[in-house]
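The values are calculated or read from the model by the stated rules, or taken from the named source; none is laboratory data. The shown structure was predicted, so the numbers you read here are calculated from the model rather than taken from an experiment. Here the Cβ positions follow ideal geometry from the backbone for every residue, glycine too, while neighbour counts run over all protein chains shown. In case anyone asks, the SASA skips ligands and DNA or RNA and just uses the protein heavy atoms, side chains included. Shrake-Rupley method; radii C 1.70, N 1.55, O 1.52, S 1.80 Å.
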Amino acid sequence: MTAFLKLLARNRLALWGGVVLAVVIFLALITPLLPLPDPDVTNTADRFKKPFSEGAFLGTDHLGRDLLSRLMWGTRLSLAVGFAAAIIAATIGAAIGIIAGYYGGRTDNVIMRGVDMLMAFPYILLALAIVAALGPGLMNALIAVAAVNVPFFARNIRGITVGIANKEFVDAARLAGMSDARIILTEILPNVVPVIVIAMSTTIGWMILETAGLSFLGLGSQPPQADLGSMLGEARSALITNPHTSIVPGVMILIIVMAINLLGDGVRDALDPRLKSGALSRPMPATLVDRKHVPKPTGDGILALDDLQTQFHVKDRVYKAVGGVTLSVRPGECLGIIGESGSGKSVTALSVMGLVASPPGVITGGAVRFEGEDLVGAPYEKLRALRGNKVAYIFQDPLSTLHPLYRVGDQLAEAISSHRRISRADGRANAIELLKSVRIPNAESRIDSYPHEMSGGMRQRVGIAMALANDPDVIIADEPTTALDVTVQAQILALLNDLRRERGLAIVFITHDFGVVAQLCDRVAVMYAGRIVEEGVTGEVLAAPVHPYTKRLIDCVPELGGGRRVLAAIPGLPPMVDQLPEGCAFAERCDKAAPACRAGEVALVAHGTRAVRCIDPERAPRTEAAQ
């Protein structure tokens, strides 16, 4: 229940809807205790009093009856009828749907064809026909509203039941000798209750409106008894001369229905298992921050990460995607981050500007400093001003990054106009210059192309151009050449290298290809299970890897002329980051692992120009400093 309320509270509109509805229901419940005049007593001498008149806060109607009193009692009655109709419709409809879905075959065919016949009629016309047959009256209106909504519940519940009825646990219950009734009550019903609750929460508002509509037509509540619909019906003749008699019940209907619908949307999302896993959550504009302390600066680069920690909280599980990363990059330098898939490279990059989706992502520790200023927990306005301006991203898949319905020129111009004022003509001119800067031929004609009209290499060049649009100081490239063929990949790498030297860009390049690292990067950091295990100058790391993981990764790379060499592979799989072992995370896959590797925390220690997280590195120069 606590988890449900937390998920519901994330939706602010649903939360406000729940608060408003709770206030309305509370006032309706205490109506008999309030010092209100009798709602049915007439006094024609006081007819059509204006709101805020003495003795009539909301005025009076055409018979001099107090509108506040009638509103309170009418709201109480309308809520009771709406909720009662929803419960009746849900109970009958769910029973029909479960029986049809569970038994299937001919039973399902007969029941659902009858449901289809009822759904063929418009709701309000079917309700009018039922009331006409039963006669006017609030109880008959309740029966009519409940009856016309039964098919809706039946069809929804039947669809869910069909999928559940063939599950293994239902088959196991049958084999255990359980009766059909017991299976339905103990196995099927508990699994469809959330769907019933969702359907009820999203239809109660409509049932209140339908009841009010019947009362408005004189087929529901009968004089002198008041509900919100009958109040509107009685006031329609005075709509022009005394509009307050219509506005008062109309506003109350609007408030109730809007509150119920907003709350119903929140309940639907909160009960959705995809939301509980974080897959359906509406992400916050910046990653949620929950850190206990701010570490002292350790790097001197334009962008420096100090003990950065990012986690994903899914139900009661905590995934430590980034477990304390310390890195820095200087202007004009290219830092490569390499490692297997799932090692935390992309999450580290997204954490820089607070782009990790929250929920479920949370930055739980460390700092990200751009030009010395900590960005973790910075106001969203500050992050938005830096995103794409001072710090830009090149994402792995340009086809999903670029909007398919807009021309690439318009998207480039928008990237500029998001940070500074620019005319349409200047935006187009700048977009053309950007396309030329990334060596796209015929830029003047290509600017009007849609993303799907361009090749993968062209789209990636547009992505690079978009990253360069505001002349950033730092570019974070997240595997931008993975999906490209080797020829286009070489062109993209050469382009990035030239731009870095021409503009003095600092580049953080994420990849899993040591060939790319050797061609482009000045320094390289090797990640494993969310941590840096080795860092150093690219040439030194490639020539003489210190950490066993780095050595095994390099051994996996095929060599030209080495066709007879057996291609190495690292045994096993990386550990799950929600179940990280004690000590070195690579110990289970390392052929040099010793009991000491699993005994406790292994620190990242500097060895000359190299840093390594290992108690028995491949070569161990004299330790100069510790991180």
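Within the span defined as region 320-340, one or more residues are assigned to a loop (DSSP other than H, G, I, E, B) and either open to solvent by less than 10 Å² (accessible area, probe 1.4 Å) or under 25 Å from residue 602 (Cα atoms) (or both). Of the set (1) touching a residue at least 24 places away in the same chain (Cβ under 8 Å); (2) open to solvent by 70 Å² or more (accessible area, probe 1.4 Å); (3) more than 16 Å from residue 247 (Cα to Cα), all apply to residue 45 but (1).
When 413, 477 are checked against the criterion of being modelled with pLDDT of 90 or more and assigned by TED's automatic domain parsing to the domain that holds residue 384, a single residue qualifies: 477. Checking each residue in region 238-263 for being open to solvent by less than 50 Å² (accessible area, probe 1.4 Å) and not in a helix (DSSP H, G or I) picks out only 242. The lone criterion from (1) in the same structural domain as residue 517 (by TED's automatic domain parsing); (2) under 21 Å from residue 470 (Cβ atoms); (3) of a type in the set (Phe, Trp, Tyr); (4) touching an Asp or Glu at 6+ places or on another chain (Cβ under 9 Å) left unmet by residue 380 is number (4). The condition of being within 19 Å of residue 257 (Cα to Cα) and either touching a helix residue (DSSP H, G or I) at 6+ places or on another chain (Cβ under 8 Å) or open to solvent by less than 10 Å² (accessible area, probe 1.4 Å) (or both) holds for only one of 165, 235, 199, 154, that being 199.
Total residues in region 506-524 satisfying the condition of being within 21 Å of residue 437 (Cα to Cα) and within 33 Å of the chain's Cα centre (by Cα): the figure is 4. Of the helices (runs of 4 or more DSSP H) that lie entirely inside region 119-204, those containing 3 or more residues that are more than 29 Å from the chain's Cα centre (by Cα) and more than 26 Å from residue 81 (Cβ to Cβ) span 168-175, 180-183. Reported count of residues in region 282-317, each being open to solvent by 50 Å² or more (accessible area, probe 1.4 Å) and part of a loop (DSSP other than H, G, I, E, B), is 15. Looking only at residues of region 504-528 that are within 20 Å of residue 474 (Cα to Cα) and out of contact with any Leu (no Cβ under 8 Å at 6 or more places or on another chain), we find that the one that is modelled with the lowest pLDDT is 504.
Of the residues examined, residue 515 is not one that is small (Gly, Ala, Ser) and farther than 25 Å from residue 460 by Cβ.
Considering region 381-410, and only residues there that are of a type outside the set (Ser, Thr, Tyr), open to solvent by 20 Å² or more (accessible area, probe 1.4 Å) and not in a loop (DSSP other than H, G, I, E, B), the residue that is nearest to residue 451 (Cα to Cα) turns out to be 399. Check whether at least one residue in region 606-619 is at pLDDT below 85, out of contact with any Lys or Arg (no Cβ under 8 Å at 6 or more places or on another chain) and exposed (fewer than 12 other Cβ atoms within 10 Å of the Cβ), and report yes or no. Yes, some residue in region 606-619 is at pLDDT below 85, out of contact with any Lys or Arg (no Cβ under 8 Å at 6 or more places or on another chain) and exposed (fewer than 12 other Cβ atoms within 10 Å of the Cβ). The set of residues in region 59-92 being open to solvent by 30 Å² or more (accessible area, probe 1.4 Å) and in contact with a strand residue (DSSP E or B) (Cβ under 8 Å, 6 or more places away or on another chain) consists of 68 alone. Listed conditions (1) among the small types (Gly, Ala, Ser); (2) open to solvent by 60 Å² or more (accessible area, probe 1.4 Å); (3) within 30 Å of residue 436 (Cα to Cα) are all met by residue 543, apart from (3).
Taking residue 95, is it of a type in the set (Gly, Ala, Ser), in the same structural domain as residue 141 (by TED's automatic domain parsing), surrounded by 15 or more Cβ atoms within 10 Å (Cβ to Cβ) and free of Cβ contacts under 8 Å to residues at least 40 places away in the same chain? Yes; evaluated as a whole, the condition is true for this residue.
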